[in-house]
Amino acid sequence: MPGRPDVIDPPAAPEAGGTASAAPTLARLFQEHNASLLQLLRARLRSNDEARDVAQEAYVRLLQLDRVDTIGYLRAYLFRTALNLASNRLRHTAMREATYRDPVFDVGADDLSPDRIALAQEELSAVAAVLQDLPPKTRYAFLLHRFTDLKLEEVAKRVGVSDRMVRSYIVQALRRCHEALDVARDAASSRGDPP
Amino acid sequence: MSGAEPITPELFEEAADWFIRVRTAEAGADVHAAWLAWVEKDSAHRAAFSAVQEAWDVSGTVQTFAWLTPEEPVEPKAASSPGRFSHVARLPARVALAAGIAIVGLVAALTIPDAASRWLGNSTEVHKRIATGRGEPQSAVLPDGSRLELGGLTGVEVVFTSRRRLILADEGETFYKVHHDPNRPFIVEAGPVRVTAIGTAFSVRREGNEVSVEVVEGVVDLNTDPDVQSVTELHDAAGRTPRVRAKAGQRVKFDGARFLQAADPGAAARMAWRRGQLRFEEEPLDVVIASLNRYSTRRIVLGDPALKKLRFTGTVYDDSVEDWLQAVQIVFPVELGYSDPERIVIEPRH
C-alpha cells in the first residue's frame, strides 16, 4: 500500500547564500501548497516516492534563487519547475520502462503481504470486470488513454469521436473503477478482512 | 479510504476531469493554476482527486495483453490449429532442466488477430503461452478477466476463441479464477483430463498423466480426453465420456486410469501451495519430487525406480526443500547422493 503523498519534510534552508527573506517565504509556500504539489506530481509520475523526490528537488532549486519575488510568482515558478523535473524524469525512465515492463505478469504485486494480495486480487478482478463490461468505445478510449502515450486528440481520432467525448469516456471509466473498488472494499471489510 | 464523506459521482467526475486535464504534458500554467485553486478550495475536492488517482493506479495494474499497439502488424492466426501442447509447450521446461539452471520469467508468444477490434468486441481470439521459471510462481490476468496463478516451473497455453476458452496445461500447477461467461465455457486440458468450468475457482496440478483438481468455488466437470485409450472402460452405458463433478471443497485425483475422490484436505490445506506450501497426501514419491523440482535449484531425481512406490504425506515449504530432503532420509529408507553438482539423487539406503 503506497503511503499517502501529502507529507514530505521541508528542505533545510541554506545556512547562508540566497536572500535572507527567501526561506520564510518559501516555507509558507511549502506549507500552503505542498499537498497539492505532491498530488499534481503524483498524477504525472508513477509513484509517491517519485513525486516526493521531484518536489524536494523543486524546493531545493527555489531556495537557490537569487531574488525572491511575490509569492504568486514563486508559486507559479515552483509548479513549473516541479513539472519540468517530472517531465525530464518521465523521459529518462520511458525507455527503460518500455523494455523492462513485463507484458503478461503483474509486476509489483509481489511485495505485498498475502492478505493484501488476496484483497488486491479481489479489487483487481473487480476493476478488470468493470473495464471488461464497459461499452466498447468507452473501454477502448480508456485503455488507449491509460496505457499509451497518445494524446487525447489522437485517442479521439482512433475511437472516432470528439475530444470532449473521449474525456467523458475516460471519466466514466474511472468512475466505474472507483465504484468497483468501493464495493470490493465494503465486501472485504464486512467479512472482517484487514484494511 | 479517507472515509470522511462518500464522494458523490458528480464530484468524482469533476475531479476526474481535472485529473485528465492536469496530467497531460500539454497542460499550461493557467490550467495548473486553475486546478490549484479548485483543489485547495475544499478538502472534499482533494479527497476526490485522490480517489481518482487511486482508480487510475488500480486500473493500471489490470493486465492489458497485446491490445496496446493495435497499429502494429500482427501475424495471421491459424484459427483451426490450437496444436497439442505435448511438444511445443513443454519445450521451455525441458530446456531449463537440461541446462540445469533456473529459468527466469516467462515465455510468452502472442498472436492476436486484431487487438483493436477485439477490444471493440468483434473478436475474442487469443493464443499465447505463459510459463514460469523454477521457484518463480507468477500470476496473470487473461483478456476475459479470468486470473491464473502459476506455480514454479509451470506452463500453460491459452487458446481462446469466440466459442470457448481453452487452456492447455503443461506439467505443473495452476490456480484458475474463472470469469463467468456462460457462452464461452472455460476448459483446462491437463494431459488426459479435461476440466470444464463456468465461473469458478479451482486448481489443477499435473505430473505426467497424474492430475489432481481442487475446487475452491463453484463446480467443475471432469472427464477424460476421448483420445486416451486407457480410460475407455469408464464410458457409461450411453457411451458418453465419463464425467465426474467436483464441488467447492472437493479434491479429485486422476491416477492415470481412474478418477478418485480424494479426502477433503480441509480449508487450511486447500490451495496451500499458493502460500508457498506444497501439501501432499499419499502421493507417490516421484510425483512429490516432480512438484518439488519446480522450486529446488538443484534437480532432485530418484536413483531407483522402486522408490516411486513410496508414498508421502505432509507439507513442504517451497523455500525449504533442503529441509524436506533431510527429513525424507528419516522417514524413508533412503539416502541422498550429492556427487553430481547439479543433481540430488535419492537412493535406497543399504
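Can you tell me which of (1) of a type in the set (Val, Ile, Thr); (2) closer than 24 Å to B:SER59 by Cα; (3) more than 9 Å from chain A (Cβ to nearest Cβ) is the one B:VAL159 doesn't meet?
(2)
Report yes if B:GLU214 is modelled with pLDDT of 80 or more, within 22 Å of B:HIS179 (Cβ to Cβ), charged (D, E, K, R) and buried (at least 20 other Cβ atoms within 10 Å of the Cβ), otherwise no. Even if it seems obvious, please write down each step before you answer.
On the way: modelled with pLDDT of 80 or more: yes; within 22 Å of B:HIS179 (Cβ to Cβ): yes; charged (D, E, K, R): yes; buried (at least 20 other Cβ atoms within 10 Å of the Cβ): yes.
Here the answer is yes, as B:GLU214 does meet what is asked.
If I ask for residues that are within 29 Å of the chain's Cα centre (by Cα) and of a type in the set (S, T, N, Q), which ones from the stretch B:294-350 would you list?
Residues satisfying the conditions are B:SER296, B:THR297, B:THR313, B:THR315, B:SER320.
In the stretch B:198-223, what residues are touching a Phe, Trp or Tyr at 6+ places or on another chain (Cβ under 7 Å) and free of Cβ contacts under 8 Å to residues at least 24 places away in the same chain?
Selection gives B:ILE198 alone.
May I ask you to list the residues in the stretch A:70-90 that are aliphatic (A, V, I, L, M) and either in contact with a Phe, Trp or Tyr (Cβ under 9 Å, 6 or more places away or on another chain) or at the interface with chain B (Cβ under 8 Å from one of its Cβ atoms) (or both)?
Here is the first cut: in the stretch A:70-90, the residues aliphatic (A, V, I, L, M) are A:71, A:74, A:76, A:78, A:82-83, A:85-86, A:90.
If the condition is that a residue be aliphatic (A, V, I, L, M) and either in contact with a Phe, Trp or Tyr (Cβ under 9 Å, 6 or more places away or on another chain) or at the interface with chain B (Cβ under 8 Å from one of its Cβ atoms) (or both), then A:ALA76, A:LEU78, A:ALA82, A:LEU83 are the ones that fit.
Which of the numbered conditions does A:ARG101 fail, given that it passes all the others? Conditions: (1) within 13 Å of another protein chain (Cβ to nearest Cβ); (2) at pLDDT below 75; (3) within 20 Å of the chain's Cα centre (by Cα); (4) surrounded by 11 or more Cβ atoms within 10 Å (Cβ to Cβ).
(4)
Find all pairs meeting these conditions: Cβ atoms under 7 angstrom apart; at least six residues apart or on different chains; first residue within the stretch B:15-29 and within 7 Å of chain A (Cβ to nearest Cβ) and on the phi < 0 side of the Ramachandran plot; second residue in a helix (DSSP H, G or I) and among the charged types (D, E, K, R).
Between residues of the stretch B:15-29 that are within 7 Å of chain A (Cβ to nearest Cβ) and on the phi < 0 side of the Ramachandran plot and residues that are in a helix (DSSP H, G or I) and among the charged types (D, E, K, R), the close pairs are B:ALA16/A:ARG175; B:ASP17/A:ARG167; B:ILE20/A:ARG167; B:ARG23/A:ARG44; B:ALA29/A:ARG80.
For the stretch B:245-350, which strands (runs of 3 or more DSSP E) that fit wholly inside it have 1 or more residues that are over 20 Å from B:TYR176 (Cα atoms) and at pLDDT below 80? Show your work before the answer.
Details: elements: B:251-254, B:259-262, B:277-284, B:299-302, B:311-317, B:334-337, B:343-348.
Where strands (runs of 3 or more DSSP E) fall fully within the stretch B:245-350 and carry at least 1 residues being over 20 Å from B:TYR176 (Cα atoms) and at pLDDT below 80, they are B:259-262, B:277-284, B:311-317.
Give me the residue from the stretch A:131-164 that is of a type in the set (S, T, N, Q) and modelled with pLDDT under 80 and, out of that set, nearest to B:GLY145 (Cα to Cα).
Restricting attention to the stretch A:131-164, the residues satisfying the condition of being of a type in the set (S, T, N, Q) are A:132, A:138, A:148, A:162.
Cutting the leftovers down to modelled with pLDDT under 80 gives us A:132, A:148.
Working: A:GLN132: 7, A:THR148: 20 Å.
It comes out as A:GLN132.
Can you tell which of B:ALA15, B:ALA44, B:ALA29, B:ALA37 is within 27 Å of A:GLU154 (Cβ to Cβ) and surrounded by fewer than 17 Cβ atoms within 10 Å (Cβ to Cβ)?
Numbers: B:ALA15 fails: surrounded by fewer than 17 Cβ atoms within 10 Å (Cβ to Cβ); B:ALA44 fails: within 27 Å of A:GLU154 (Cβ to Cβ); B:ALA37 fails: within 27 Å of A:GLU154 (Cβ to Cβ).
B:ALA29 is the lone residue from the list that is within 27 Å of A:GLU154 (Cβ to Cβ) and surrounded by fewer than 17 Cβ atoms within 10 Å (Cβ to Cβ).
The values are calculated or read from the model by the stated rules, or taken from the named source; none is laboratory data. Predicted model only: the values in this text are computed from it and were never measured. As a convention, Cβ positions derive from the backbone with ideal geometry for all residues, glycine included, and neighbour counts pool all protein chains shown.
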